[in-house]
1. Is there a residue being in contact (Cβ under 8 Å) with a residue 12 or more places away in the chain, within 15 Å of residue 572 (Cβ to Cβ) and touching a helix residue (DSSP H, G or I) at 6+ places or on another chain (Cβ under 7 Å) anywhere in segment 478-488?
2. Given (1) closer than 14 Å to residue 356 by Cα; (2) surrounded by 18 or more Cβ atoms within 10 Å (Cβ to Cβ), identify the lone condition not met by residue 402.
3. Do you know which of the residues in segment 445-471 that are under 14 Å from residue 499 (Cα atoms) and surrounded by 19 or more Cβ atoms within 10 Å (Cβ to Cβ) is modelled with the lowest pLDDT?
4. Out of 138, 146, 177, report the one residue that is in the same structural domain as residue 68 (by TED's automatic domain parsing) and surrounded by fewer than 20 Cβ atoms within 10 Å (Cβ to Cβ).
5. Keeping to segment 131-142, report how many residues are closer than 18 Å to residue 120 by Cβ and in contact (Cβ under 8 Å) with a residue 40 or more places away in the chain.
6. Pairs under 6 Å by beta carbon, first residue in a loop (DSSP other than H, G, I, E, B) in segment 86-106, partner at pLDDT below 90 and surrounded by fewer than 18 Cβ atoms within 10 Å (Cβ to Cβ), six or more apart or different chains?
7. Which of (1) more than 34 Å from the chain's Cα centre (by Cα); (2) at pLDDT 90 or above does residue 496 not meet, given it meets every other one?
8. Give me a count of the residues in segment 514-534 that are in a loop (DSSP other than H, G, I, E, B) and in contact with a helix residue (DSSP H, G or I) (Cβ under 8 Å, 6 or more places away or on another chain).
């Protein structure tokens, strides 16, 4: 690679960049990671990075863009300002991936320009990036422009940043106008009253733009702008634009206005919200486009928090019920997820009379996603209804959802059993759910079985050891023989958690003896599960139990005809060693039992067995195992 000479008259970066150079072969190209190891002042490293900026390979150019600070630091402030930034501005015609990296990295150059007075230099390439076709690059450029604007002095915002926004807002292409919308709020508070009025008028022109994409951008930006305008202009300016956008002929615009409504409501008092926002909200909730209604439904609780509890109770219960009964499944799904949150605004009588009939219909809804959303959130009503009403009205629906044919519905119910438990108590819950749990434990969907396994330890302590042993122990042991590996793995972890709940002696008397019997099973998977289970439970067992039950079982499998069994024996012995070392009564077993078994396995005919045995042997002898 041609390198820049380090003397009084080196080739300038601009000359280097302008020079027609052939691509650097991969075998000789200096990678960015290598450049990091060199001194940033080494011009040859800078030359290598600059060369990557013009490399044919896109990834080279992306990597080089991510190291612009390295180049800038090496060049020094003056050359970074006068040569590097102009070159970057001339490089805008590139792949979107490169431009995205450039837009992200440009603000990081600000400390390398020689002072805050040179920040406007960074605006030039970012202005170009804010006008290109790719939306992702534009969004990143706008974000970077906002970042730079916050670092500027008021004079720079007036003299440099404001003209940039104006040029973008009046640009011929809609892409620049769409980007301009996101820049109005960042400097608005720094301007005087006259300048603020100019910006409001300019923003209003974008709201009326003929291009839907520009109007969508202004809708997103108006939410942010509403937080920085005065209270007077919030009502006379923001509210007026909100009403226009909320009645836009494009549903892609209208659906974004719900965020503006929330922002305005958070600044208005309850009375003003009722007077100005209630009707627009109801109109959006009845919108002809289901996507708009979906957005209202998904944000309904947030809207209610902003508008005020009294208004919600008096005016919005029927609106929410309509969303629960919407003709579109997506809207009903979103509304179902808001049920517990909205119920907090209603009294118990309203819930029983208005919500529960809708919920009963949703339990039998033809759309499985609606039922899944309801199953995930229905338990949130329990603390609100209380024990008696939960038992009478909610528990039957809960049990019905547990029998749903769609697996996700059943999974979502199981995931929230704890909330029901807190309200009605474990005794009643176990009586009601035990048949369902037993049935789900044998569900053909392995994810359902997995969810049941993960919930069992939560039931263990409230149920008590006697009830558990009678009703659920056999079920837990049966999972060890499941055909799905993930279930068998979860079952071993489940037994460890149960041991932590009921104690090591319980495990010795009820679990360990059954696990040991599996070591003699003809099916090698059972023997493998024996090793996994005993190894997983080790931390919850006492050294004496490990000595009397676990270690002899593991050692007995060291001569198993299946190599997978033997090398897992080696791994198991490696796991058991630290536990044996901790107790004086078992420490001698390492030399007398563990080491001889491992030494024998190091001579095994299978290479994997020898590898794991050798590693475990080093560990048993207190040496660092080789990787």
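The values are calculated or read from the model by the stated rules, or taken from the named source; none is laboratory data. Worth saying up front: this structure is predicted, and the values here are computed from it rather than measured. Virtual Cβ from ideal backbone geometry, glycine too; neighbours counted across all protein chains shown.
1. So far as segment 478-488 goes, no, none of its residues is in contact (Cβ under 8 Å) with a residue 12 or more places away in the chain, within 15 Å of residue 572 (Cβ to Cβ) and touching a helix residue (DSSP H, G or I) at 6+ places or on another chain (Cβ under 7 Å).
2. The single condition residue 402 does not satisfy is (1).
3. Going through the qualifying residues, I end up with 459.
4. Values: 138 fails: surrounded by fewer than 20 Cβ atoms within 10 Å (Cβ to Cβ); 177 fails: surrounded by fewer than 20 Cβ atoms within 10 Å (Cβ to Cβ).
The conditions single out 146.
5. Just the residues of segment 131-142 that are closer than 18 Å to residue 120 by Cβ, to begin with: 131, 141-142.
If we keep only those that are in contact (Cβ under 8 Å) with a residue 40 or more places away in the chain as well, we get 131, 142.
Looking only at that region, the number is 2.
6. 95/58
7. Against the list (1) more than 34 Å from the chain's Cα centre (by Cα); (2) at pLDDT 90 or above, residue 496 comes up short only on (1).
8. Filtering segment 514-534 down to residues in a loop (DSSP other than H, G, I, E, B) leaves 521-523.
Restricting the remaining residues to those that are in contact with a helix residue (DSSP H, G or I) (Cβ under 8 Å, 6 or more places away or on another chain) gives 521.
Total satisfying the criteria: 1.
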